[in-house]
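Nothing in this text is a laboratory measurement; each read-out follows from the coordinates by a stated rule. This is a predicted model, so every value here is computed, not measured. Because the Cβ atoms are built from the backbone with ideal geometry, glycine has one as well, and the counts that use them run over all protein chains shown.
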């Protein structure tokens, strides 16, 4: 298992870059209605963000140094679990849900993206410095997530938006809880 984790840690970001390029290359020939097309774009845009964020293990090192006082609160295993099965699956499931049951069922994708972007902006403002992932949060995440929410929001009621936003916030709170729990276990009792 550790061998697989080491291999994934070494190569997943490169894979994300190639997958993003492949998905973007296919995008012009997709014949999807605009709301579905926008939800589709969340996967490659998120992968581009992951390349900025995680190349050279930059985000994990940044978070552990600047947020967790040099402690290894955010582990390599956590980064892999958060980014591979969770982020990629959420975007894929949102696309299928929107395709099968209507665009409102895919709103979790833009809300996850906008919550992530806001977290990068708040962290940058709080620390008064760049954090890995900030540039793509501003240039890709905010415009795409707002455009998707606005496009779908014109035809749907408030409830699907509340559900999408609640799921996005719960996901981010779960991540914070796991990392904070690990941090607390590393801090010596006083």
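Let me know the shape class of the range 76-118, please: from the alpha-carbon gyration tensor, a ≥ b ≥ c as square roots of the eigenvalues, rounded when a/c is under 1.5, otherwise prolate if a/b is greater than b/c, or oblate.
oblate
Would you mind ranking 22, 185 so that the residue whose beta carbon has the fewest other beta carbons within 10 Å leads the list?
The order, fewest Cβ neighbours first, is 185, 22.
Report the Cα centroid-to-centroid distance between the range 8-52 and the range 102-162 in angstrom, as an integer.
So the separation of the two Cα centres works out to 16 Å.
Residue 166 versus residue 99, label points 7 Å from Cα toward the beta carbon: distance in nm?
Those two pseudo-labels are separated by 2.7 nm.
Where does each of 24, 113, 1 land when they are ranked from fewest to most other beta-carbon atoms within 10 angstrom?
Exposure proxy ranking, most exposed first: 1, 24, 113.
Rounded to two decimals, what is Rg over Rh for the range 79-152 when you use alpha-carbon atoms and the Kirkwood radius?
1.03
May I ask you to order 121-128, 135-142 by the average number of other C-beta atoms within 10 Å around their residues, highest value first?
Result, highest mean first: 135-142, 121-128.
Let me check against my output: what whole-number percent is the relative contact order of the chain, with C-alpha pairs under 8 Å and at least 6 apart?
26 percent.
For the pair residue 139 and residue 155, how long in nm is the line joining their label points, each one 7 Å along Cα→Cβ?
3.1 nm
Could you work out the relative contact order of the range 30-122? I mean the mean sequence separation of Cα pairs under 8 Å and 6+ apart, divided by the number of residues, in percent.
34 percent
How long, wide and thick is the range 133-190, going by the Cα atoms along their three principal axes, in whole angstroms, largest first?
54, 29, 12
What FRET efficiency would be calculated for the residue pair residue 71, residue 122, taking the C-beta separation as r and a Förster radius of 22 Å, to the nearest 0.05?
0.60
Would you work out the Kirkwood radius for the range 2-186? I mean one over the mean of 1/r across all pairs of different Cα atoms, in Å.
17.0 Å
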